[in-house]
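**Student:** Here's a structure for you.
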Amino acid sequence: MELTDTILVTGGAGFIGSNFVLDWFPHEDGKIVTLDKLTYAGNLSNLDSLAGDARHTFVPGDICDADLVRDLLEKHRPRAIVHFAAESHVDRSINDPGEFIRTNVQGTFNLLERARRYWEELEERHRQQFRFVQISTDEVYGSLRPEEPAFCESTPYSPNSPYAASKAAADHLVRAYHHTYRLPVLTTNCSNNYGPYQFPEKLIPLMLLNALEGKPLPIYGDGMNIRDWLYVQDHCAAIRCVLKKGSPGETYNIGGRSELTNLQVVTTICDILDEICPDPSLGCRRSQMTFVRDRPGHDRRYAIDARKIHNDLGWSPQTPFEQGIRQTILWYLGHRHWVSDIRTGAYQEWLQLNYRGR
Ligand code: NAD
Ligand code: TYD
């Protein structure tokens, strides 16, 4: 059977997925079919600019739905699956891990199994062309001490949160499908992303919106936890590069070369907001910072060694944090409707659950 120039993107209405879909068309040929369940984190309006564009098809649905995935593969005959769909927030995984096992583990298993059956029916030359790209995280590697070297592709998995464990389980299944069936998979393990369309449960959009609105900025623990921040469009470019040039069976670490403490991130946001939209009634926004009870099992430090993707595929991050964070702040300032539309009742309930009495 033949392949088309279509790719199937799961989770394409979420933060990174929608940036990937939007960034695809200026850079690449071929169509995209987006499969997304539209959970609280998925927002179809992220893809509004593609409405009526024949290159893009949106399909609402669950990656755990075996019949739906089989039908989509048979109908669209994609040359690749790029798998973003996941439950992605560590704090939610601590409060209620069940959905993380269902979507991240069972959902990935279902996609792999459907992909394998589809791929096995292809002619040999098409079998070689097909790709399954697993979008994973640096959190599968666990936590680094200050003096330890950054995570590389051979760092042993050591996940600490239910979220990280569910992604690690999925990555292991992906690996096994290559080893056992030779399915042409690629896995990317990326550091923390930031940029447009990120749901404001995550550190950067939560802090910037709270800072704008004169609300407390809840810093977990001592604020000295370190993350390696990557601008989302750099991540999307890395994934396109892995899809195009990566070797099946390989994993690629992707990072921003930008290790910052949470305190550095939050003070940077406060200072930029004071500069570009000062509010005399709020004064200095740093005064809104409050230290709250730490996240249970809070990983201290993540850092990515991205030499492999740089040396083998020629990718490196292009957006310094100081530039990316300004772009992100300006995007949120210019998209107040997007923000108010997603801050629904369910979002307010989450804030109550996570921050009350913290
Ligand atoms: P997100 O939570 O913003 O989006 C997830 C998307 O998946 C949403 O659109 C949601 O509706 C969809 N989804 C959830 N369950 C589904 C299901 N059962 N079936 C179909 N769709 C479903 O997440 P994100 O931050 O964009 O992350 C995307 C991927 O990248 C995830 O796999 C995550 O583990 C990985 N990742 C994220 C980061 C980060 O900093 N955000 C860093 C590294 C890797
Ligand atoms: P987050 O954006 O949830 O990403 P992850 O936990 O996947 O790295 O959090 C980034 C860091 O910010 C992490 O160390 C936890 C911290 N954090 C806070 O201090 N306060 C908050 O309200 C949130 C959501 C996160």
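The values are calculated or read from the model by the stated rules, or taken from the named source; none is laboratory data. Predicted, not measured: the structure shown is a model, and the values here were computed from it. Cβ coordinates were reconstructed from backbone atoms using ideal geometry, including for glycine residues, and neighbour counts include every protein chain displayed. We work out accessible area using only protein heavy atoms, side chains counted, and drop any ligands, DNA or RNA first. Shrake-Rupley method; radii C 1.70, N 1.55, O 1.52, S 1.80 Å.
**Student:** Can you give me the long-range amide H partners of V9? Hydrogens built in the peptide plane at 1.01 Å from N, cutoff under 5 Å, separation of 5 or more residues or another chain.
**Tutor:** Close amide H contacts, sequence-distant or interchain: V33, T34, L35, V82.
**Student:** Using the 2.2 N^0.38 Å rule of thumb for compact globular proteins, work out how the stretch 258-358 stacks up: its C-alpha Rg over that value, please.
**Tutor:** With N residues counted in the stretch 258-358, Rg over 2.2 N^0.38 Å equals 1.38.
**Student:** Using the Cα centre as the reference, give the magnitude of the dipole from point charges on the C-beta atoms of the chain (Lys, Arg: +1; Asp, Glu: -1; all else neutral), rounded to the nearest 20 debye.
**Tutor:** Value, rounded to 20: 220 debye.
**Student:** While we're looking at this one, here's another question. Just how much of M1 is accessible, in Å², when a 1.4 Å probe is used and the result is rounded to the nearest 10?
**Tutor:** Approximately 100 Å² of M1 is accessible to the 1.4 Å probe.
**Student:** State whether the stretch 70-150 is rounded, prolate or oblate according to the following rule on the C-alpha gyration tensor (a ≥ b ≥ c being the square roots of its eigenvalues): a/c under 1.5 gives rounded; otherwise a/b larger than b/c gives prolate, and the remaining case gives oblate.
**Tutor:** Judged from the Cα gyration tensor, the stretch 70-150 comes out oblate (a/c at least 1.5, b/c at or above a/b).
**Student:** Using only the heavy atoms of the protein chains and a 1.4 Å probe, how would F109, F25 rank by accessible area, largest first?
**Tutor:** F109, F25
**Student:** Could you tell me the accessible area of Y355 in Å² (1.4 Å probe, neighbours in place), rounded to the nearest ten?
**Tutor:** Result for Y355: roughly 50 Å² accessible.
**Student:** With a probe of 1.4 Å, find how much accessible area the stretch 1-155 has per residue, and write the answer as a whole number in Å².
**Tutor:** The answer is 41 Å² per residue.
**Student:** Still on this structure: Would you work out what percent of the accessible area of the stretch 212-358, with all protein chains in place, is carbon or sulfur (probe 1.4 Å)?
**Tutor:** 51
**Student:** At 222 nm, what helix-only mean residue ellipticity would the chain give, in deg cm²/dmol to the nearest 500, using -39500 (n - 2.57) for each DSSP H run of four or more?
**Tutor:** Taken over the chain, the calculation gives -12000 deg cm²/dmol.
**Student:** Run the 1.4 Å probe and let me know the accessible area of S154, rounded to the nearest 10 Å².
**Tutor:** Rounded to the nearest 10, that gives 100 Å².
**Student:** What residues qualify as long-range amide H neighbours of I219, i.e. H under 5 Å apart, gap of 5 or more or another chain, H built at 1.01 Å from N?
**Tutor:** T290, F291, V292
**Student:** Same structure again: Can you quote the Å³ per residue value for the convex hull of the Cα atoms in the chain, rounded to an integer?
**Tutor:** Cα convex hull per residue, to the nearest whole number: 130 Å³.
**Student:** With an 8 Å Cα cut-off and a minimum separation of 6 or more residues, compute the relative contact order for the chain in percent.
**Tutor:** Averaging sequence separation for qualifying contacts and normalising by length gives 17 percent for the chain.
**Student:** Per the 1.4 Å probe, what fraction of the accessible area of the stretch 111-175, in percent, lies on carbon and sulfur atoms?
**Tutor:** Result for the stretch 111-175: 47 percent of the exposed heavy-atom area is carbon or sulfur.
**Student:** Roughly how many nanometres apart are two label points built 7 Å out from the Cα toward the Cβ at R336 and Q129?
**Tutor:** 4.9
**Student:** So, one more: Once neighbouring chains are kept in place and the probe is 1.4 Å, which whole percent of the accessible area of the stretch 25-81 is contributed by carbon and sulfur?
**Tutor:** Percent of accessible area from carbon and sulfur atoms in the stretch 25-81: 49.
**Student:** In addition: For the stretch 1-118, what is the Kirkwood estimate of the hydrodynamic radius, computed as the reciprocal of the mean inverse distance between distinct Cα atoms, to one decimal in Å?
**Tutor:** 14.5
**Student:** Where does each of Y194, Y181 land when they are ordered by accessible area, with a 1.4 Å probe and the largest first?
**Tutor:** Most to least solvent-accessible, the answer reads Y181, Y194.
**Student:** Averaged per residue, what accessible surface does the stretch 272-358 expose to a 1.4 Å probe, in Å²?
**Tutor:** 57
**Student:** Would you list H76, H337 from the most to the least accessible area, probe 1.4 Å?
**Tutor:** Result of the area sort, largest leading: H337, H76.
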